[in-house]
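**Student:** Below you'll find the structure I mean.
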């Protein structure tokens, strides 16, 4: 009996190899990007308007810092240009998070409420991947680039001795910060499986991001503990910037941030799986 060989490119084993899975997910993500570009270009005015709004908000944050330093020379041990670097880093992290994850986390509540989540769960791909990454806010990349320019300008005034190792450590810690924000916001968004809407909780956490532009030394006691370990908005910006300006007295803080990112990711995945087990379709 003749056996028909599998088509070219079809994996020989029962399960696709890791390389094939990565290639497949990359192809899916490219398609999601194309859809996002099409959507943004369909509403060009809205796209440009939000870039301007975010730019004005960033300018207001910098003006706020300038006003503070008209009345003081330092916040704790943080000088004016160090805080400007902190504000730029905070805004850059926030915009990159917003570009990839914010709108997707905020929309999870509507997916559950309307039953549209059923369609995503039926796809032959990881449901969390689709829920988390199906839309991209392209305008946020523009604002992240502007924040990066401010960061470079501040570093030039600080006359820092930048080394490749320090830059790589700074970048890795910023990525950990983005992962922390995503994991916590996704975990909070999963509350929508038990409530009618959870956007208020999601946007409430997003508003806490504004605290990240302040030096950790501006906080004391319980407030500093809460915003460092419970809602770690201070951790995700202060630690990377301290590495860059050589103010990280205890290297254990960098390890703490990495462990916090891993813990938040594990908790969000556990919360997602528990939520799915309690999910009953709204469309049926």
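The values are calculated or read from the model by the stated rules, or taken from the named source; none is laboratory data. Just so we're clear, the structure is a prediction, and the values are computed from it rather than from any experiment. Here the Cβ positions follow ideal geometry from the backbone for every residue, glycine too, while neighbour counts run over all protein chains shown.
**Student:** Restricting attention to region 87-102, does a residue exist that is free of Cβ contacts under 8 Å to residues at least 40 places away in the same chain, surrounded by fewer than 21 Cβ atoms within 10 Å (Cβ to Cβ) and not in a loop (DSSP other than H, G, I, E, B)?
**Tutor:** no
**Student:** Just one of the numbered conditions (1) within 21 Å of residue 85 (Cβ to Cβ); (2) part of a helix (DSSP H, G or I) is not true of residue 233; which one?
**Tutor:** With respect to (1) within 21 Å of residue 85 (Cβ to Cβ); (2) part of a helix (DSSP H, G or I), residue 233 is out only on (2).
**Student:** Look at residue 257 and say whether it is under 30 Å from residue 160 (Cβ atoms) and modelled with pLDDT of 85 or more.
**Tutor:** Here the answer is yes, as residue 257 does meet what is asked.
**Student:** Follow-up. Against the conditions (1) within 27 Å of residue 129 (Cα to Cα); (2) within 21 Å of the chain's Cα centre (by Cα); (3) surrounded by 11 or more Cβ atoms within 10 Å (Cβ to Cβ); (4) without any contact (Cβ under 8 Å) to a residue 40 or more places away in the chain, where does residue 30 fall short? Just the number, please.
**Tutor:** (3)
**Student:** Let me ask something else about it. Residues in region 153-170: is at least one without any contact (Cβ under 8 Å) to a residue 60 or more places away in the chain, within 12 Å of the chain's Cα centre (by Cα) and in a helix (DSSP H, G or I)?
**Tutor:** So far as region 153-170 goes, no, none of its residues is without any contact (Cβ under 8 Å) to a residue 60 or more places away in the chain, within 12 Å of the chain's Cα centre (by Cα) and in a helix (DSSP H, G or I).
**Student:** Then there's this: Considering 60, 55, which residue is surrounded by fewer than 18 Cβ atoms within 10 Å (Cβ to Cβ) and under 15 Å from residue 214 (Cα atoms)?
**Tutor:** 60
Rundown of residues vs (1) in contact with a helix residue (DSSP H, G or I) (Cβ under 6 Å, 6 or more places away or on another chain); (2) under 21 Å from residue 211 (Cα atoms); (3) surrounded by 15 or more Cβ atoms within 10 Å (Cβ to Cβ), yes/no style:
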site	(1), (2), (3)
74	no, yes, no
79	no, yes, yes
109	yes, no, yes
118	no, no, yes
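**Student:** Among the residues of region 274-281, are any within 20 Å of the chain's Cα centre (by Cα), touching a residue at least 40 places away in the same chain (Cβ under 8 Å), under 30 Å from residue 109 (Cβ atoms) and outside any loop (DSSP other than H, G, I, E, B)?
**Tutor:** no
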